[in-house]
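Since the structure comes first, as structure tokens, the remarks are kept for the end.
The values are calculated or read from the model by the stated rules, or taken from the named source; none is laboratory data. Here the structure is a predicted model, which means the values were calculated and not measured. All Cβ positions, even for glycine, are placed from backbone atoms using ideal geometry, and neighbour counts span all protein chains on display. Side chains are part of the model used for accessible areas, which takes the heavy atoms of the whole protein and leaves out ligands, DNA and RNA. Shrake-Rupley method; radii C 1.70, N 1.55, O 1.52, S 1.80 Å.
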Amino acid sequence: MRTRPNPVEALLVLPRLADPAELRASWRQAIAALGQSMGVMRPPLLDGVDLDTVEQAARVALERGLVDDLDWLGPGAATVALYELTAALPPGRCRRELGRRVFARLYEGTATTFAAVATRLALGSVRSLDAATLRARVSLLFCLPIGTSVNADSLALTLVTRRLLFERWVERPSMGALPGRRLAARLLEHAAREAALRAQQGDLEPKQQLSGAELRPVFQRLLFDREPLVWQHAAVARGLLASVDAAIEQELEVALDPSLSPTEWRRAAVSLVATLANPTEQALTACRSVVEGPLSQADPGIPATMVVG
């Protein structure tokens, strides 16, 4: 029985195929696999493959018009696949032609497409998102309303957990003007959502990175920012992490101590509501105790503040 070639083999075999149907089938198999790398933090499928062989395959795809026939695949996955192929090519005509198509799709595509490709760009190079137009689109991406179908959480996790990107996008902006501080807090919130999801699936590394000592000073700075437009996102991020981390959950209990001030209470109350992302009877009971307990009597604004969570 003939075995089905893996995606890398399906791409590299293109120069040896003469039948148009086989050529198209192998190309589609390879591109579909490369497009599945959206939001996946692992080495690219083409990492370590001979550059000349990849270039020959890309040249065949360009000459046969296969790179312009991607309507059968979702726009985000198709753009990511083209980017992965472009990144594996040596400098030259093929790389320029594919790169032009990638950036045309990046600038003209939907927010979903941009989020997918921006994640791969961030994983590939620290300076890849430094252009003013790309930074503006990243900022807009994290201003989308709650409930949107665009998933930017993987991009946020990449920007927060890679050290040099963290300095550019979170650490330095956290000490700057309000728009920068707000975006930094939004990035923490989205990164925490992705980390909590992965922790529920058994991958604990992102959660450990976000709760580590390196991020804690910036986390605290944003959490106790004077502007609600900033601290509410940091508080939600803390609550999402608390839903999968017992140590952070204990920090919330301490922050709700009646001997503290409304500053700690309100931020802890928002975090407490955010723990309901991983719903448990204990979290629901804790929220009710805050609304009905002495803290709400001492600070009547707490129930309204909890809506932010």
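Points to keep in mind about this one:
- Output for region 182-199, where each listed residue is open to solvent by less than 20 Å² (accessible area, probe 1.4 Å) and closer than 16 Å to Val138 by Cβ: Ala184, Ala185, Leu187, Leu188, Ala191, Glu194
- Helices (runs of 4 or more DSSP H) contained in region 198-242 and holding at least 3 residues within 20 Å of Val270 (Cβ to Cβ): 216-223, 228-242
- Qualifying helices (runs of 4 or more DSSP H) (wholly inside region 76-153; at least 1 residues being over 16 Å from the mean Cα position of the chain (by Cα)): 93-108, 132-141
- The requirement of being hydroxyl-bearing (Ser, Thr, Tyr), part of a helix (DSSP H, G or I) and buried (at least 20 other Cβ atoms within 10 Å of the Cβ) is fulfilled nowhere in region 42-65; no residue meets it.
- Single unsatisfied condition, Gly239 versus (1) of a type outside the set (S, T, N, Q); (2) touching a residue at least 12 places away in the same chain (Cβ under 8 Å); (3) open to solvent by 30 Å² or more (accessible area, probe 1.4 Å): (3)
- Within the option set Leu229, Leu295, Leu272, Leu210, being surrounded by 21 or more Cβ atoms within 10 Å (Cβ to Cβ) and within 30 Å of Glu167 (Cβ to Cβ) holds for one residue only, Leu210.
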